[in-house]
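Below: the structure, in structure tokens.
The values are calculated or read from the model by the stated rules, or taken from the named source; none is laboratory data. Since the structure is predicted, the reported quantities are computational estimates derived from the model, not experimental observations. Note that we place each Cβ from the backbone using ideal geometry, even for glycine, and neighbour counts take in every protein chain shown.
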């Protein structure tokens, strides 16, 4: 029998890859001519950054770079720094070619070994781990309605989310940053870092207006002084107009800035002093736009007139539960090295996500926080010290169910400290946890069905009503299906307003053709 079927094109989301891959780090770092010889290595860092991803056939190509930064003590006792940049491209094979993928990546340094080969040469070996999650968005036609042949349908409505636009765009900021007159002129820049923060954004038709700032943090050696370091911070404003076709004010957007590269050049001011930093910061704007819509599917069916057959399929759809932008404050008293610390030259923190665990009232995020510092020890020599602490923070966000997709970023906003003694320090680290929290809507629905008009269901035409004694929590749909009638007729006959029975009762079951 030909039935009048209605189908709807829906976006099915399927995670086709979720794993970590390794990217080796190998470098032979030679000091440039202007750097003094190495007396002692203080710290060697590998700072990785992903610059973009692209899909090619059955693979995802992850492009990025890592900055190797070596802090050392010169023969005169000064802290010095040298760095080297290396690009990489990692190809990850997939089992299938994605049609319209959502790609989430994170990168961190797993381990790193640093060996001094001579006073001007360092051998570095290590490995980065790239966390890659590929969610494939593919269009499928889903049965959402059918008429004729006495067909009864149990429909179910889902709120699902489609990613309607993604972009990744780089831009470069140029600005001269001046050393304030309250601080001494510089002899050399020891280290620098930059972070980009989104303060506000607005979505209009086809565009996103994003504002924020870049905070540049610089550690330098003052002119004429060898026993101390100076630290300063500068801000550079950001205002960007990002084009994204297909979005409007109804879209929910996740917008982030990340620093791709930073270059600082120490220059003279008008008085001939080294008090100007020529800054060039390349920032990447990443945005993802979402739109919610209702999806109607058929959970069950039968015919009151004929025998029927149906086939089932499993749908996996994403629903954006929330775009998380929450602050978390870590404060604690930490032990300093056993040999003690006389003074701290510089202190900073970096954080990575260790785990994400859904709870009944939100989400628990485990964070590994690395506390790093340059200090002067009791022997009055420069030293480096770091300590890794682990803690958990609770996010009070909407998280129904356990099947979530959440890959948050940790953005350190500020770090302050106060020395209690030579052995202990109070630390406060303010951070922001950001990311799109998805719930995977997974259910079994009817993919196709048919009725056989040659196999007519037999019924006693002399019976118009049947009495049925129902238990609490029974489904009216199941009862109607059992008696080969319609759920609407049963509910109307018994003045029911809920498909699930709230108590034991006697029902009158009308027979319909």
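Summary table
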read-out: Matching residues in segment 1-35 - criterion: being at pLDDT below 90, surrounded by 13 or more Cβ atoms within 10 Å (Cβ to Cβ) and either out of contact with any strand residue (DSSP E or B) (no Cβ under 8 Å at 6 or more places or on another chain) or farther than 30 Å from residue 315 by Cβ (or both); value: 35
read-out: Verdict on residue 430 being surrounded by fewer than 14 Cβ atoms within 10 Å (Cβ to Cβ) and assigned to a strand (DSSP E or B); value: no
read-out: Single residue of segment 178-198 satisfying the filter (over 26 Å from residue 42 (Cα atoms) and surrounded by fewer than 19 Cβ atoms within 10 Å (Cβ to Cβ)) that is modelled with the lowest pLDDT; value: 181
read-out: Top-ranked residue in segment 461-494 [being farther than 17 Å from residue 146 by Cβ and touching a residue at least 40 places away in the same chain (Cβ under 8 Å); ranked as surrounded by the most Cβ atoms within 10 Å (Cβ to Cβ)]; value: 485
read-out: Residue that is nearest to the chain's Cα centre (by Cα) [pool: residues in segment 264-277 that are surrounded by 12 or more Cβ atoms within 10 Å (Cβ to Cβ) and within 27 Å of residue 50 (Cβ to Cβ)]; value: 264
read-out: Yes/no for residue 170 being in contact (Cβ under 8 Å) with a residue 24 or more places away in the chain and in contact with a helix residue (DSSP H, G or I) (Cβ under 9 Å, 6 or more places away or on another chain); value: no
read-out: Among the candidates 127, 86, residue that is within 25 Å of residue 188 (Cβ to Cβ), surrounded by fewer than 19 Cβ atoms within 10 Å (Cβ to Cβ) and modelled with pLDDT of 90 or more; value: 86
read-out: Filtered residues of segment 214-229 (kept if under 14 Å from residue 348 (Cα atoms) and free of Cβ contacts under 8 Å to residues at least 60 places away in the same chain); value: 215, 218
read-out: Residue that is touching a strand residue (DSSP E or B) at 6+ places or on another chain (Cβ under 9 Å), outside the structural domain of residue 229 (by TED's automatic domain parsing) and under 30 Å from residue 162 (Cα atoms), where the choices are 336, 320, 347; value: 320
read-out: Identity of the residue in segment 499-513, at pLDDT 90 or above and part of a loop (DSSP other than H, G, I, E, B), that ends up farthest from residue 470 (Cα to Cα); value: 499
read-out: Given (1) in contact with a strand residue (DSSP E or B) (Cβ under 6 Å, 6 or more places away or on another chain); (2) modelled with pLDDT of 90 or more; (3) farther than 30 Å from residue 320 by Cβ, number of the condition residue 451 does not satisfy; value: (2)
